[in-house]
Amino acid sequence: MTTAPLARLNALYLALWFPCLSTDRLRREKQINADRALVATRRAGSGVVLAAVDALAASEGLAPGMTLASARAIHPDLRAEPLDPAADAALVQRLADWCDRYSPLVAVAGSDRLVIEATGCTHLFGGEKAMLTDARDRLCRTGLSVRAALAASPGAAIALALHGSQDCVVSERRGLSTALADLPVSALALAEGAMDREALTGMHRVGLHHLGDLYQLPRAALATRFGPAVVSALDRLLGQASHPIAPRRPTTPYRFRLAFADPIGLRSDIDAALVQLLLDLSQQLQEKAMGCRRLTLTACRADGTVQEITIGTSRPVRAVPPLMRLLAEKLESLDPGFGIDCLILTAPIVEPFEHDQIDSRALAEESGTGGTTADDRLASVCDRLINRLGGENLFRLAPVDSRLPDTAQGQRPAVSSRRDPASDWPRTVGRPTRLLGQPIPLVPLHAPRPGDPLVRFRLRGREHRVRIAQGPERIAPDWWRRDAAWVAGARDYWQVEDEAGQRFWIYRDGTAGAPAGSDSGSGVESGKADTPRPHWFLHGLW
């Protein structure tokens, strides 16, 4: 007689189901009012159908598979957004990472489900019920709809989360048959992964609607009538057959540990140990052609407490001196106490290391700075500012795919998961080095013909005479996007230079303003009283 291992007898699995994952994500990202029904749509042939609905839309009778036109006929005030499977999958992965707090074994069991192997972990949270409640409440506070169940087999946990009562806990295998008896036979597909639709239809045809209806039937007869997959799925649900899960493989970070025979406390000893750890890290990063973007130094003290310091860099770095310089600023806050038994250096975020082509003339000019280029010095300054002020207080400009000059770039954090190489920036010709945040109105001192630039204009009380003009360049706004700054329509841009050598980037919006004969104090020559004149603005400077 063989005995199952102890871990097998006491196995516990926590299943989390997010029934409104897509709509919950859309509502949170787009800040949609909770009182308005929301659905996610997808294209099906020549039409649009519902792919996911929230609880409010479901209460109105809407369901996935219904056409959007039919849904709007039922609920006219419906908010419809396109389905984004990639964003949903990324959210599930982030949720799986978050669930590592409960167990290191977390499996993605579908597009909207997670299974956590909670064996040996429940006592850390006060028991099975307390662990389940903690996970559900924390996720609900983030705006997600969650159904949870804990059972002695993964298939049963998923089935109870989808079809059972809220917060169901079945911690013993002998209680599974009772807990699963009232579930529909369609729950068999959750244990098998795929179930023949004809088998499910056949069971309904002969009056087998619930799992409890299958318990008293001979397994051989079930396999003969509906196929062996039905028997296999039922055994998995009841914990009578193996049903392994496939937990995610966590990415092993770059981690280096240095233990000491006697606790250390002097700053010189800590610096020497840190240099050794950085050398080991740099060598491994060089072998992998990687650079680190974040470093964490963990100090395990003799009194059993732990201290951590973290630094970040604006681009991948693997050289020891700049990393040591950044860590040295944070070491002032490290209190060794009665001594440090062990130092652990971890690089949780690494990226491919990119080599830059260096101009030999630049090297000659920078010979007095130890061979570092201007870009290296700028990155070093950014890293020091980030670690002193915080990454959220320092930003850089990033290109935006837009033809409009005032929306062609945007802000993003200086520390992010990816840096923008210079090649990402479009090489535009004729753009000023300084773009004004708000265009300044110009006072034309003559009435130019259509298609001609200004020859004389007044800017803030000072008169300018144009010596050279180049243009026009017509820029039109996106017709599908409403932008208040471009409500006047297309603009004709000119590059002009006055007699003093100042260069301006001006434009004419072409909208109808005050009649040309009106008294505006600009000295503009009078025309017909009902002829509209365009407005001129200064938008940039060189």
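The values are calculated or read from the model by the stated rules, or taken from the named source; none is laboratory data. In this text, all values refer to a predicted model and were calculated from it rather than measured experimentally. Cβ placement follows ideal geometry from the backbone for every residue including glycine, while neighbour counts extend to all protein chains displayed.
So, in region 523-542, of the ones that are assigned to a loop (DSSP other than H, G, I, E, B) and surrounded by 15 or more Cβ atoms within 10 Å (Cβ to Cβ), which residue ends up modelled with the highest pLDDT?
The first filter runs over region 523-542 and keeps only residues assigned to a loop (DSSP other than H, G, I, E, B), leaving 523-531, 533-535, 542.
Right, trim to surrounded by 15 or more Cβ atoms within 10 Å (Cβ to Cβ) and you get 524, 533-535.
Values: VAL524: 41, ARG533: 51, PRO534: 62, HIS535: 85.
Looking at the filtered set, the residue picked out is HIS535.
Residue-wise test of (1) out of contact with any helix residue (DSSP H, G or I) (no Cβ under 6 Å at 6 or more places or on another chain); (2) in the same structural domain as CYS121 (by TED's automatic domain parsing); (3) assigned to a helix (DSSP H, G or I).
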position: ALA71; (1), (2), (3): yes, yes, yes
position: ASP77; (1), (2), (3): yes, yes, no
position: GLU81; (1), (2), (3): no, yes, no
position: ALA86; (1), (2), (3): yes, yes, yes
position: ALA90; (1), (2), (3): yes, yes, yes
position: ALA96; (1), (2), (3): yes, yes, yes
position: CYS99; (1), (2), (3): yes, yes, yes
position: SER103; (1), (2), (3): yes, yes, no
position: ALA107; (1), (2), (3): yes, yes, no
Single unsatisfied condition, VAL320 versus (1) over 32 Å from the mean Cα position of the chain (by Cα); (2) at pLDDT 90 or above: (1)
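For region 218-232: of the residues being under 19 Å from ALA156 (Cβ atoms) and β-branched (Val, Ile, Thr), which is nearest to the chain's Cα centre (by Cα)? Before the answer, list the steps.
We begin by selecting, within region 218-232, every residue under 19 Å from ALA156 (Cβ atoms); these are 219, 222, 229-232.
Right, trim to β-branched (Val, Ile, Thr) and you get 230-231.
Numbers: VAL230: 40, VAL231: 42 Å.
For region 218-232, the residue satisfying everything is VAL230.
Matching residues to (1) aromatic (Phe, Trp, Tyr); (2) surrounded by 14 or more Cβ atoms within 10 Å (Cβ to Cβ); (3) within 25 Å of ALA109 (Cβ to Cβ):
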| position | (1), (2), (3) |
| --- | --- |
| LEU188 | no, yes, yes |
| ARG197 | no, no, yes |
| LEU211 | no, yes, yes |
| ARG225 | no, yes, no |
| PRO228 | no, no, yes |
| LEU234 | no, yes, yes |
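If you go through region 170-189 one residue at a time, do you hit one that is touching a Lys or Arg at 6+ places or on another chain (Cβ under 7 Å), in the same structural domain as GLY227 (by TED's automatic domain parsing) and without any contact (Cβ under 8 Å) to a residue 60 or more places away in the chain?
Taking region 170-189 as the starting set, the residues that turn out to be touching a Lys or Arg at 6+ places or on another chain (Cβ under 7 Å) are none.
No, that holds for no residue.
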Among the residues of region 431-451, the number that are touching a Leu at 6+ places or on another chain (Cβ under 9 Å), part of a loop (DSSP other than H, G, I, E, B) and in contact (Cβ under 8 Å) with a residue 12 or more places away in the chain is 5
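Give the residue, chosen from MET195, MET203, that is outside the structural domain of MET290 (by TED's automatic domain parsing) and in contact with a His (Cβ under 8 Å, 6 or more places away or on another chain).
Values: MET195 fails: in contact with a His (Cβ under 8 Å, 6 or more places away or on another chain).
Every option except MET203 fails the conditions.
Being at pLDDT 90 or above and either assigned to a loop (DSSP other than H, G, I, E, B) or farther than 14 Å from LEU331 by Cα (or both) is the requirement here; does ASP271 meet it? Walk me through it before giving the result.
Numbers: at pLDDT 90 or above: yes; either assigned to a loop (DSSP other than H, G, I, E, B) or farther than 14 Å from LEU331 by Cα (or both): no.
Here the answer is no, as ASP271 does not meet what is asked.
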Just to be sure, is VAL466 aliphatic (A, V, I, L, M) and either assigned to a loop (DSSP other than H, G, I, E, B) or at pLDDT below 80 (or both)? no
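If you take just the helices (runs of 4 or more DSSP H) that sit entirely in region 115-217, which of them hold at least 3 residues that are under 37 Å from the mean Cα position of the chain (by Cα)?
Numbers: elements: 128-140, 154-163, 176-180, 188-192, 197-205.
Because the criterion is at least 3 residues that are under 37 Å from the mean Cα position of the chain (by Cα), the helices (runs of 4 or more DSSP H) in region 115-217 that meet it are 128-140, 154-163, 188-192.
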In region 445-498, which residue that is among the aromatic types (Phe, Trp, Tyr) and surrounded by 15 or more Cβ atoms within 10 Å (Cβ to Cβ) is farthest from TRP536 (Cα to Cα)? TRP486
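Condition check ((1) over 30 Å from GLU172 (Cα atoms); (2) among the charged types (D, E, K, R); (3) part of a loop (DSSP other than H, G, I, E, B)) across all residues:
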{"position": "ARG236", "(1), (2), (3)": "no, yes, no"}
{"position": "GLN240", "(1), (2), (3)": "no, no, yes"}
{"position": "LEU295", "(1), (2), (3)": "yes, no, no"}
{"position": "GLN307", "(1), (2), (3)": "yes, no, no"}
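Check region 299-312 and report whether any residue there is closer than 14 Å to ILE349 by Cα and touching a Pro at 6+ places or on another chain (Cβ under 8 Å). Walk me through it before giving the result.
Start the filter on region 299-312 by keeping residues that are closer than 14 Å to ILE349 by Cα, which leaves 310-312.
Next, from what is left, pick out any that are touching a Pro at 6+ places or on another chain (Cβ under 8 Å): none.
Scanning region 299-312 turns up no residue that is closer than 14 Å to ILE349 by Cα and touching a Pro at 6+ places or on another chain (Cβ under 8 Å).
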For MET195, only one of the following conditions fails: (1) modelled with pLDDT under 85; (2) under 27 Å from THR119 (Cα atoms). What is its number? (2)
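Kindly evaluate ALA161 against the criterion of being of a type outside the set (Phe, Trp, Tyr), under 18 Å from LEU114 (Cβ atoms), touching a Gly at 6+ places or on another chain (Cβ under 9 Å) and modelled with pLDDT of 85 or more.
Working: of a type outside the set (Phe, Trp, Tyr): yes; under 18 Å from LEU114 (Cβ atoms): yes; touching a Gly at 6+ places or on another chain (Cβ under 9 Å): no; modelled with pLDDT of 85 or more: yes.
Considered against the rule, which asks whether it is of a type outside the set (Phe, Trp, Tyr), under 18 Å from LEU114 (Cβ atoms), touching a Gly at 6+ places or on another chain (Cβ under 9 Å) and modelled with pLDDT of 85 or more, ALA161 comes out as no.
Assess whether PRO322 counts as being in a helix (DSSP H, G or I) and within 24 Å of CYS382 (Cβ to Cβ). Please lay out each step first, then the result.
Details: in a helix (DSSP H, G or I): yes; within 24 Å of CYS382 (Cβ to Cβ): yes.
Considered against the rule, which asks whether it is in a helix (DSSP H, G or I) and within 24 Å of CYS382 (Cβ to Cβ), PRO322 comes out as yes.
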Among (1) outside any loop (DSSP other than H, G, I, E, B); (2) in contact with a Pro (Cβ under 9 Å, 6 or more places away or on another chain), PRO247 falls short only on (1)
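Using the structure shown, decide if ASP335 is closer than 20 Å to ASP269 by Cα, outside the structural domain of ASP97 (by TED's automatic domain parsing), in contact with a Phe, Trp or Tyr (Cβ under 9 Å, 6 or more places away or on another chain) and among the charged types (D, E, K, R).
Values: closer than 20 Å to ASP269 by Cα: yes; outside the structural domain of ASP97 (by TED's automatic domain parsing): yes; in contact with a Phe, Trp or Tyr (Cβ under 9 Å, 6 or more places away or on another chain): no; among the charged types (D, E, K, R): yes.
The answer is no for ASP335.
If you check ASP112, ASP84, ASP97, ASP35, which single one turns out to be without any contact (Cβ under 8 Å) to a residue 24 or more places away in the chain, closer than 30 Å to ILE245 by Cα and acidic (Asp, Glu)? So that I can check it myself, show each step before the final result.
Details: ASP112 fails: without any contact (Cβ under 8 Å) to a residue 24 or more places away in the chain; ASP84 fails: without any contact (Cβ under 8 Å) to a residue 24 or more places away in the chain; ASP35 fails: closer than 30 Å to ILE245 by Cα.
Answer to the check: ASP97.
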